[in-house]
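*Asks:* One structure, as structure tokens, below. Some questions next.
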Amino acid sequence: MGFGHSHKKAGRRVRSVTKEAQHELAHLEGKDHHDAPDHQWQPGVHHHSDLPGAHSPLHAPPAGDNWPPFPNLPSSHHPHPKHPEGYAWQPMHHADYTEVGHAPPGHPHPEVFDPAIRQGAWAKYREAELGSKGWKEEVDRCIEYGLEAAPSIKDRTISTFARGELPHFAGINTFCKTHYLEDVKKVAGFDAAIIGIPFDIGTTYRSGTRFGPQAIRRISALYGTYNYELGVDLRESLKWADLGDVFTIANIEKGFDQISKAVAHVRSNNVFPIMLGGDHSIGYPDVRGIAPYIDGPVGIIHIDRHVDTQETDMDERMHTTPWFHATNIPNAPPVNLVQLGIGGWQAPRPGVKVGRGRGTTVLTIEDIVMMGVDKAAEIALDVAWGNGAKAVYLSFDVDSLDAGFVPGTGWPEPGGFLPREVLRLLRLVAREGLCGMEVVEVAPQYDVGDKTALIGTRAIMDVLATLVNEGKLGKKPETKLPPPPYWPARKKPKKKK
């Protein structure tokens, strides 16, 4: 077909608006159009020649420049014969700096390649040690269940139907696109399990956290399983599954019974439970489901702006009461409860009175700002693991952050943690192991851009990565590298004589 061609499409005649646009269309469709005026084409040579009159307005050279600037560069729709991926240029060959600490000659800052002092270097070399067995297994599963891709797709790891992490915008959202375990009786085959708890009848102001599990799962699709700074790929180190949601009942006590049974089922199979709330009243039934399976005292690390230790609120066990009742469990004593970030204008005095009488440990935001996050984490670990504790439970309320970062919650309060602070705190307190964790008070109908749900997702991912890297969960990746920089040595408390 010639330069001034037209063609039929879907039963109707289509003609380009201009001859220049027709020329472009012919290129894109691979049409034979050598009868175009002054058109030149040779394999491997840019086929818009620099002859007078050869350029349409679409190819007009910039004023004062020679055109084309790279006359031997092939056009994008004529792949270079030596390029393995069919790109339009011959592959470049670069020097190899794979070995640890190998800086390019003349680099102005060769010390940044030292993994002992720079996290950027440590993480770069760490990635090479992570392996890809989990990724290959996922690809095989996606193709088996989702069919091979169309023949035109060059990347043969892609399936026809979305069945894995990619694409992030497609698929049915489990947490971080992990396996949905429909038969919960098979949970023992996993290291960790996600449990959604869509329960918000314990709220005392703004309801809506029953949709928190959906919101967290939805935005978790944004994430992959690999974290650069932490040097971990959960797909390679952890067997985890999403068990879906607990069938919560619209009655506080019956709902608590359902929650406790679900959590107990997971913990009794020696699997790490991760609860997606839901309002904070679920803290009590969560601990009640775990405590019977711990051979000794259980400590609780509670990150929040509110003490949540009063006995009742409006004559019921609400989201302001979980730690009063959790610390009535025989092996969850209040002296092993530490509360981080407390403050503001939403701390009912009855709960403060209970904490004072029971000897709980409280650090306000101001305390943590003054002493630093690392010291606060050290205190939290000493308290939670003190008095012979055999396990520690982690409760993370998203409203512990400043309200500007978490608008999607029932009791937002200005003056809380910054995201960077709370994420480091979470990683530090997870270092010595946990028996379970919960993320509570995500209310998506008040959220902006899913950022509250995103901080809940990030909290879970960072805690899991820490547990894996510390050898507390899943399979710790082997390494020949020094310990990661900026990670303080744990100061063990001195034993009393």
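*Asks:* Of (1) in contact with a strand residue (DSSP E or B) (Cβ under 8 Å, 6 or more places away or on another chain); (2) exposed (fewer than 14 other Cβ atoms within 10 Å of the Cβ), residue 209 satisfies all except one. Which?
*Replies:* (2)
*Asks:* Output the residues belonging to the stretch 343-397 that are within 28 Å of the chain's Cα centre (by Cα), under 24 Å from residue 411 (Cα atoms) and among the β-branched types (Val, Ile, Thr).
*Replies:* 364, 365, 368, 369, 373
*Asks:* Looking only at residues in the stretch 459-483 that are in contact with a Pro (Cβ under 8 Å, 6 or more places away or on another chain) and surrounded by fewer than 20 Cβ atoms within 10 Å (Cβ to Cβ), which one is farthest from residue 134 (Cα to Cα)?
*Replies:* 482
*Asks:* I'm trying to understand the selection: among the residues of the stretch 129-157, which are hydrophobic (A, V, I, L, M, F, W, C), surrounded by 11 or more Cβ atoms within 10 Å (Cβ to Cβ) and part of a loop (DSSP other than H, G, I, E, B)?
*Replies:* 130, 147, 149, 153
*Asks:* Here is a list: 418, 425, 401, 454. Which entry is under 18 Å from the mean Cα position of the chain (by Cα), open to solvent by 40 Å² or more (accessible area, probe 1.4 Å), modelled with pLDDT of 95 or more and over 21 Å from residue 195 (Cβ atoms)?
*Replies:* Answer to the check: 418.
*Asks:* Within the stretch 428-448, how many residues are closer than 23 Å to residue 322 by Cα and open to solvent by 20 Å² or more (accessible area, probe 1.4 Å)?
*Replies:* 2
*Asks:* Yes or no: the stretch 378-391 includes at least one residue that is of a type in the set (A, V, I, L, M), in contact with an Asp or Glu (Cβ under 7 Å, 6 or more places away or on another chain) and more than 24 Å from residue 454 (Cα to Cα).
*Replies:* There is at least one residue in the stretch 378-391 that is of a type in the set (A, V, I, L, M), in contact with an Asp or Glu (Cβ under 7 Å, 6 or more places away or on another chain) and more than 24 Å from residue 454 (Cα to Cα).
*Asks:* Find all pairs meeting these conditions: Cβ atoms under 7 angstrom apart; at least six residues apart or on different chains; first residue within the stretch 475-487 and farther than 10 Å from residue 125 by Cβ; second residue among the acidic types (Asp, Glu) and open to solvent by 50 Å² or more (accessible area, probe 1.4 Å).
*Replies:* Short answer, once both residue conditions are applied: 477/129; 478/129.
*Asks:* Still on this model: Between residues in the stretch 161-173 that are under 13 Å from residue 219 (Cα atoms) and touching a residue at least 12 places away in the same chain (Cβ under 8 Å) and residues that are of a type in the set (Ser, Thr, Tyr) and outside any loop (DSSP other than H, G, I, E, B), which pairs lie under 9 Å by C-beta distance while being six or more apart or on different chains?
*Replies:* Matching pairs, first to second residue: 173/220.
*Asks:* Test each condition in (1) outside any loop (DSSP other than H, G, I, E, B); (2) touching a residue at least 60 places away in the same chain (Cβ under 8 Å); (3) open to solvent by less than 20 Å² (accessible area, probe 1.4 Å) for residue 319 and report the one that comes out false.
*Replies:* With (1) outside any loop (DSSP other than H, G, I, E, B); (2) touching a residue at least 60 places away in the same chain (Cβ under 8 Å); (3) open to solvent by less than 20 Å² (accessible area, probe 1.4 Å) applied to residue 319, the lone miss is (1).
For (1) under 24 Å from residue 432 (Cβ atoms); (2) in contact (Cβ under 8 Å) with a residue 24 or more places away in the chain, each residue gets a yes or a no:
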residue: 344; (1), (2): no, yes
residue: 362; (1), (2): yes, yes
residue: 372; (1), (2): yes, no
residue: 378; (1), (2): yes, yes
residue: 382; (1), (2): yes, yes
residue: 391; (1), (2): yes, yes
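*Asks:* Further question: How many of the residues in the stretch 322-375 are among the aliphatic types (A, V, I, L, M), open to solvent by less than 40 Å² (accessible area, probe 1.4 Å) and touching a helix residue (DSSP H, G or I) at 6+ places or on another chain (Cβ under 9 Å)?
*Replies:* Qualifying residue count for the region: 12.
*Asks:* Only residues that are over 30 Å from residue 412 (Cβ atoms), within 22 Å of the chain's Cα centre (by Cα) and among the charged types (D, E, K, R): list them for the stretch 176-212, please.
*Replies:* Correct list: 191 only.
*Asks:* Only one residue in 385, 487 is open to solvent by 50 Å² or more (accessible area, probe 1.4 Å) and closer than 20 Å to residue 360 by Cβ, so which one is that?
*Replies:* The match here is 385.
*Asks:* Can you name every residue in the stretch 407-435 that is within 18 Å of residue 274 (Cβ to Cβ) and of a type outside the set (A, V, I, L, M, F, W, C)?
*Replies:* 427, 431, 432, 433
*Asks:* For the stretch 109-123, which residues satisfy the criterion of being assigned to a helix (DSSP H, G or I), over 12 Å from residue 481 (Cβ atoms) and either free of Cβ contacts under 8 Å to residues at least 12 places away in the same chain or open to solvent by 50 Å² or more (accessible area, probe 1.4 Å) (or both)?
*Replies:* Matches in the stretch 109-123: 110, 111, 112, 120.
*Asks:* Scan the stretch 252-272 and report the pairs whose first residue is touching a residue at least 24 places away in the same chain (Cβ under 8 Å) and under 14 Å from residue 438 (Cβ atoms) and whose second residue is of a type in the set (Asp, Glu) and part of a helix (DSSP H, G or I), with Cβ atoms within less than 9 Å and a gap of 6+ or a chain change.
*Replies:* 259/286; 260/286; 263/286
*Asks:* Of the residues that sit in the stretch 182-202 and are open to solvent by 20 Å² or more (accessible area, probe 1.4 Å) and in contact with an Asp or Glu (Cβ under 9 Å, 6 or more places away or on another chain), which one is farthest from residue 439 (Cα to Cα)?
*Replies:* Ranking the candidates gives 201 first.
The values are calculated or read from the model by the stated rules, or taken from the named source; none is laboratory data. On a predicted model such as this, the values are computed, not experimentally measured, just so you know. Note: ideal-geometry Cβ built from the backbone for every residue, glycine included; neighbour counts use all protein chains shown. Note: areas computed on protein heavy atoms with side chains; ligands, DNA, RNA excluded. Shrake-Rupley method; radii C 1.70, N 1.55, O 1.52, S 1.80 Å.
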